[in-house]
Amino acid sequence: MRLRALLENDTLGLRLLGGEDELDRTVRGVMTTDLRDPSRYLSGGELVLTGLAWRREPEDSERFVRILAAAGVAGLAAGEAELGAVPEDLVLACGRHRLPLFSVVEDVAFATITEHVVRQVSGERAGDLAAVVDRHRRMMTSGPAGGGPEVVLDLLRSDLDLTAWVLSPTGRRIAGPTAAGAAAEPPAAVRAQLAGEQLAARRDGRRGPHRLTAADGMTYSLFPVRSGDPGDDVRETVLSDWVLAVGADADEWPEERLDLLYGVTQLIAVERDRRNASRTVRRRLAQEVLELVQSGAPPAEIAARLRVAAPVLLPGLGTAPHWQVVVARVEWGVTAERERGGDGGTQPGGAGKGAYGGTRGGPYGGARGGGDAGAQPGSARKGAGGGAGEGATRDGAAWDGSARDRDGRDRGAREGSSPDGRGVHGGIPGGIPGGVPGGVPGGVPGGVPGGRVAQSLLEEILVDPYATGPEPSDRIAVAHTGDEAVALVPLPALSNGTSDGATDAPESAEVQADALLAAVREPLSRGLDGDGRLTLGVSAAVHSADGLRGALEEARHARRVAAARPGRVCAAGHQELASHVLLLPFVPDDVRRAFTARLLDPLREYDRRHRAELIPTLEAFLDCDGSWTRCAARLHLHVNTLRYRVGRIEQLTGRELSRLEDKLDFFLALRMS
């Protein structure tokens, strides 16, 4: 706004005392001060309001006005409440420095002028920024020359003092302000909370923006960044759409500002569509490899296709990469009974370290990542997480420990896998046919393509946030077939230092099942709440095309293990296929209930009546491998008290915890309870 506009509003009580030739100056802000030297708080373009408390003698006016002029302020308004009429020495000083001077009548508060100026300046900035956003949108529509979302986010920060971030459905930071002075991005837990709130709002059909006071005490406003057509089923995109999280409360915003933010989301949606289109080549490569693997093509033919894929996914790599397979399946219309999974045979693992080398969060990592809600505690080893789809081969495929034949031929494929990935029922006791019991073809009622939904989701969640390059997901190739999506994850091969030049996939680069689950479970569970379910399975790393078919089978079997667990989002890794975890999900419900009731019900009843904590004592005793000293220390008990409790457990159940067989029975009962 111009200084001249202030005189056009009689309610402001302003009277021009000097500087008529300077009234076309632009006002960029307002500041109230009675400091003798306010220069440290001035950036230029302000209308300065003062009560003249700084003036003690006439010479003070020259000093004060000189400071304002040097700072580049737009004008000075002096109140009449303190000294009555504005002193003549101040009028003369402003004339010498060509600084416009106004007087403010006594009955007009500085707050009235401040509110008016701020409202006018903000409205004009929003209009200017809207024009910039519109130009940027046109540039982005014709290509990425506009600079990506960061440019507009920096404009929001500089022109409207709004800090915003673009987040993935799991809370991964996709874009944020880059200008100096921008606020630090929210921590990972808060980003996941914001993403989950947005997913829940989309499923509920609530109109944006959605306001949330997050765990860090900040209030955020969430604007959906939608892809696809407005008439599409929300389930097709809800798990892959981005969200613009603004660090401010939009509840009192005028319509103009809300329209501006929605314009920003449309611009970001253009970038979202551009990145989606750039995945076409990688999707086609993955589809070709998947078709070759499922059709039983010779390893040499598969290897040739992988040699084409490797430079696209990992440009500049000198050696052939290792590969992991992640399978995912998204189902809608899942009943409460199906969500419970029917196994109950695992206990939640404790939250551990992140996935990167055991210290940083994300789907990739070294040993033991954090927080697998379905894995045996401590079972996260070097390996992978995730998987989906009911399986493309016979459930009864023989496993040799790594789930693939060393001669490159997969037993499951030999024994009757079908090219469409639907599998034959058999093998594992209580095994599940290729389709989910009671499910609709594709596992997605209402015609929502489950395979494509899972494909878009894997492309969002299988991203190494520390990877270099223009787009971290460039190293992931995802195909879909029928109900499931299959991701090929290349891993750089490193020399293992042996004389034969063999290579190993670095542990820190591998996808970890537990870390993947910990990264996506909280937000995606809210997006799936009510009728959706995501199951994931991850293979071990393989070094050549010979093992790729077995890796695919391994990931699919791991996904079946995950599907038997309770919860909206479940994952399992290859290491669980060589443990009791593989068998427990397929124990019939009535057998499981009878087994656990016979062993644990007497202890639960005793605990209920006496608060004796026999069940926690039993769990700790088994977890300490029967060590009296370590168990007593963990429970903060005297060893004699621990011996008394164990004796009571044996008395109530008729079992002896000194016998391996009874220890095993108790262990399995606790896992299935």
Those residues of the stretch 38-88 which are among the hydrophobic types (A, V, I, L, M, F, W, C) and in a loop (DSSP other than H, G, I, E, B), in sequence order
Leu42, Leu52, Ala53, Trp54, Val73, Ala74, Ala81, Leu83, Ala85, Val86
Quick check: anything in the stretch 153-176 hydrophobic (A, V, I, L, M, F, W, C), open to solvent by less than 20 Å² (accessible area, probe 1.4 Å), in a loop (DSSP other than H, G, I, E, B) and modelled with pLDDT under 90?
yes
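Tally up the residues in the stretch 619-641 that are part of a loop (DSSP other than H, G, I, E, B) and in contact with a Cys (Cβ under 6 Å, 6 or more places away or on another chain), please.
Just the residues of the stretch 619-641 that are part of a loop (DSSP other than H, G, I, E, B), to begin with: 624-627, 636-638.
Pick out the ones that are also in contact with a Cys (Cβ under 6 Å, 6 or more places away or on another chain) and you get 624.
Of the residues in the stretch 619-641, 1 are part of a loop (DSSP other than H, G, I, E, B) and in contact with a Cys (Cβ under 6 Å, 6 or more places away or on another chain).
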Could you tell me which residue of the stretch 474-488 is surrounded by the most Cβ atoms within 10 Å (Cβ to Cβ), considering only residues that are outside any strand (DSSP E or B) and on the phi < 0 side of the Ramachandran plot?
Asp483
Every residue in the stretch 9-21 that is within 51 Å of the chain's Cα centre (by Cα) and open to solvent by 50 Å² or more (accessible area, probe 1.4 Å), please.
Thr11
Suppose we filter the stretch 623-673 for residues that are surrounded by fewer than 16 Cβ atoms within 10 Å (Cβ to Cβ), aliphatic (A, V, I, L, M) and modelled with pLDDT under 90; how many remain?
2
Return the only residue of Pro566, Pro616 being in a loop (DSSP other than H, G, I, E, B), surrounded by fewer than 20 Cβ atoms within 10 Å (Cβ to Cβ), on the phi < 0 side of the Ramachandran plot and within 41 Å of the chain's Cα centre (by Cα).
Pro566
(1) open to solvent by less than 50 Å² (accessible area, probe 1.4 Å); (2) farther than 30 Å from Arg671 by Cβ; (3) under 24 Å from the mean Cα position of the chain (by Cα); (4) modelled with pLDDT of 85 or more all hold for Gln324 apart from (2)
Only one of Pro58, Pro87 is open to solvent by less than 40 Å² (accessible area, probe 1.4 Å), touching a residue at least 12 places away in the same chain (Cβ under 8 Å) and either of a type in the set (Asp, Glu) or at negative phi (or both); which?
Pro87
Within the stretch 574-594, identify whether any single residue is on the phi < 0 side of the Ramachandran plot, in contact (Cβ under 8 Å) with a residue 24 or more places away in the chain, open to solvent by 10 Å² or more (accessible area, probe 1.4 Å) and touching a strand residue (DSSP E or B) at 6+ places or on another chain (Cβ under 8 Å), and answer yes or no.
yes
Against the conditions (1) at pLDDT below 90; (2) open to solvent by 10 Å² or more (accessible area, probe 1.4 Å), where does Arg609 fall short? Just the number, please.
(1)
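The rows are residues; the columns are (1) of a type in the set (Ser, Thr, Tyr); (2) over 30 Å from Arg560 (Cα atoms).
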{"residue": "Pro588", "(1), (2)": "no, no"}
{"residue": "Val591", "(1), (2)": "no, no"}
{"residue": "Leu600", "(1), (2)": "no, no"}
{"residue": "Arg609", "(1), (2)": "no, yes"}
{"residue": "Glu613", "(1), (2)": "no, yes"}
{"residue": "His636", "(1), (2)": "no, yes"}
{"residue": "Arg643", "(1), (2)": "no, yes"}
{"residue": "Ser658", "(1), (2)": "yes, yes"}
{"residue": "Lys663", "(1), (2)": "no, no"}
Complete set of residues in the stretch 244-256 that are surrounded by 15 or more Cβ atoms within 10 Å (Cβ to Cβ) and either modelled with pLDDT under 80 or touching a Phe, Trp or Tyr at 6+ places or on another chain (Cβ under 7 Å) (or both):
Leu244, Ala245, Val246, Gly247
Being assigned to a helix (DSSP H, G or I), open to solvent by less than 20 Å² (accessible area, probe 1.4 Å), under 24 Å from Leu534 (Cα atoms) and in contact with a strand residue (DSSP E or B) (Cβ under 8 Å, 6 or more places away or on another chain) narrows it down to one of Arg272, Arg202, Arg283, Arg235, so name that one.
Arg272
Which of the residues spanning the stretch 22-42 are free of Cβ contacts under 8 Å to residues at least 24 places away in the same chain and either exposed (fewer than 13 other Cβ atoms within 10 Å of the Cβ) or within 13 Å of Leu101 (Cα to Cα) (or both)?
Asp24, Arg40, Tyr41
Would you mind telling me which numbered condition in (1) under 17 Å from Leu488 (Cβ atoms); (2) at pLDDT below 85; (3) of a type in the set (S, T, N, Q) Asn276 fails?
(1)
Selection count where residues are under 18 Å from Leu261 (Cα atoms), under 12 Å from the mean Cα position of the chain (by Cα) and among the basic types (Lys, Arg), scope the stretch 188-222
0
Could you identify the single residue in Gly341, Gly318 that is in a loop (DSSP other than H, G, I, E, B), at pLDDT 55 or above and within 22 Å of Val542 (Cα to Cα)?
Gly318
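The values are calculated or read from the model by the stated rules, or taken from the named source; none is laboratory data. Keep in mind that what you see is a predicted model, and the values were worked out from it rather than measured. So basically every Cβ, Gly included, is an ideal-geometry build from the backbone, and we count neighbours across all protein chains shown. In case anyone asks, the SASA skips ligands and DNA or RNA and just uses the protein heavy atoms, side chains included. Shrake-Rupley method; radii C 1.70, N 1.55, O 1.52, S 1.80 Å.
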